[in-house]
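The values are calculated or read from the model by the stated rules, or taken from the named source; none is laboratory data. These numbers were taken from a predicted model, which means no experiment stands behind them. Cβ atoms come from the backbone with ideal geometry, glycine included; neighbour counts cover every protein chain shown.
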Amino acid sequence: MNHPVKECISMLGVSQVSFAVLHDLSFQRLKACLYGHTPAIPPRIVNALVQHGYDEQEAQKQYQQWRKWKAEQELLAAARKGEVKTMNRLPLDIVVTLMRREQVLAQNEIDQLAALFGKHVKDLLSSEDVEYALACYLAKSKHNDVVYRNSVLEKVVRFMNQYGWHLSDDFRDYYKKYALFRWQELIGTRL
């Protein structure tokens, strides 16, 4: 997998510093892009690529693919070294970062879940803490958005289960397990 900016610099046969100087770029911004720290190739760097025959949209697409590949390689390398406690379950903070990167949900939904995780999850590998935070998310439902929140739960859990979490994607399991939903029993609602 090739990074389009690295590829261009290599094709020109110049150093990274020389590339930055030749194109009047901030060296720090160039380094951030080369490491994959920017969500997209910054406009001035893209303009430099276009000057050397690259297609802007193709370069951005290739950069996004490279960033995803790089993140996957880092996770695999950490697992091989034993830095990830268990490959069976990726820590919650990394999963939330991947959810943001993969745009599993709208940004406001991920922010809302991240806030609940931050409030209720003490151990980043605890299924119980995560289940409780997800139950709190469901418990915030109003009558008109219950179906929507249940579908959000399903998407989140499906994504997390790819990384070894083994959580239930059936909202009824959360309703039955946690006292947050006992009000439904009081008014006679059956699940």
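Overview of values
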{"read-out": "Residue in region 81-91 that is in a helix (DSSP H, G or I) and among the polar types (S, T, N, Q) present", "value": "no"}
{"read-out": "Subset of region 122-138 [surrounded by 18 or more Cβ atoms within 10 Å (Cβ to Cβ) and part of a loop (DSSP other than H, G, I, E, B)]", "value": "none"}
{"read-out": "Subset of region 1-48 [touching a residue at least 40 places away in the same chain (Cβ under 8 Å) and either more than 30 Å from the chain's Cα centre (by Cα) or under 21 Å from Lys70 (Cα atoms) (or both)]", "value": "Met1, Asn2, His3, Pro4, Val5, Cys8, Met11, Leu12, Ile45"}
{"read-out": "Test: residue in region 40-48 that is surrounded by fewer than 16 Cβ atoms within 10 Å (Cβ to Cβ), at pLDDT below 90 and not assigned by TED's automatic domain parsing to the domain that holds Val130", "value": "no"}
{"read-out": "Neighbours by Cβ (under 6 Å, 6+ apart or cross-chain): first from region 164-187, not assigned by TED's automatic domain parsing to the domain that holds Leu98 and outside any loop (DSSP other than H, G, I, E, B); second of a type in the set (Val, Ile, Thr) and modelled with pLDDT under 55", "value": "none"}
